[in-house]
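This report concerns only the one structure given below.
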Amino acid sequence: MTQTSENVTWLTQEAYDQLKAELEHLSGPARAEITEKIAAAREEGDLKENAGYHAAKEEQGKQELRVRQLTQLLQTAKVGEAPAETGVVAPGMVVTIAFDGDPDDTLSFLLASREYASSDIETYSPQSPLGTGVNGKKVGAEAEYELPNGKKATVKILDAKPYTG
């Protein structure tokens, strides 16, 4: 679980350990593997028409970008506990809302950074329009947020519970 506030990203110990392990893998064994792929492709000859070489270089670029992202994230990370169940929406919680107060038109989502999103639940960033609208509101309250077309939408907060992932 993550919670982003200013330049600090709050992570659970589990999330921190997982991201650190990914960084270590990408900085070590994975970096060595891609270097070997590039060297092997380079030996095949003409680099202009060498698809294997270009694919390996592209993979290397993506990998190095991920290394920079993880390094930056972990440098600003603070490890803490998941939020308490207080009835107030906060990052790290699964929030259930009803659109326009309609109890049949609901959405449950994890309010957290996409960096540590689970594939089994939709995730909205606390900085997203919906995330900003509901963050800090109590269960039962209405929240307003701006749609991409500039119009305002209202949702009712039905539930907010800590994510147990």
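The values are calculated or read from the model by the stated rules, or taken from the named source; none is laboratory data. Here the structure is a predicted model, which means the values were calculated and not measured. Backbone-built Cβ (ideal geometry, glycine too); neighbour counts: all protein chains shown. Ligands, DNA and RNA are stripped out before the accessible areas are found, and what is left, the full protein with its side chains, is counted by its heavy atoms. Shrake-Rupley method; radii C 1.70, N 1.55, O 1.52, S 1.80 Å.
Here Ile97 clears all of (1) modelled with pLDDT under 85; (2) touching a helix residue (DSSP H, G or I) at 6+ places or on another chain (Cβ under 9 Å); (3) assigned to a strand (DSSP E or B) except the condition numbered (1). Of all the residues in the stretch 34-73, those that are farther than 19 Å from Glu24 by Cα and surrounded by 11 or more Cβ atoms within 10 Å (Cβ to Cβ) number 15. Residues of the stretch 120-140 that are touching a helix residue (DSSP H, G or I) at 6+ places or on another chain (Cβ under 9 Å) and open to solvent by less than 30 Å² (accessible area, probe 1.4 Å): Thr123, Ser125, Pro126.
Close contacts from the stretch 74-99, counting a first residue that is under 10 Å from Ile157 (Cβ atoms) and open to solvent by 20 Å² or more (accessible area, probe 1.4 Å) and a second that is among the hydroxyl-bearing types (Ser, Thr, Tyr) and modelled with pLDDT of 90 or more, with Cβ to Cβ under 8 Å and a gap of 6+ residues or different chains, come to Thr96/Thr106; Thr96/Ser108. Here is a check on your reading of the model: is Lys151 at negative phi, loosely packed, with under 12 Cβ neighbours inside 10 Å and either out of contact with any strand residue (DSSP E or B) (no Cβ under 7 Å at 6 or more places or on another chain) or not acidic (Asp, Glu) (or both)? For Lys151, the condition - at negative phi, loosely packed, with under 12 Cβ neighbours inside 10 Å and either out of contact with any strand residue (DSSP E or B) (no Cβ under 7 Å at 6 or more places or on another chain) or not acidic (Asp, Glu) (or both) - is met.
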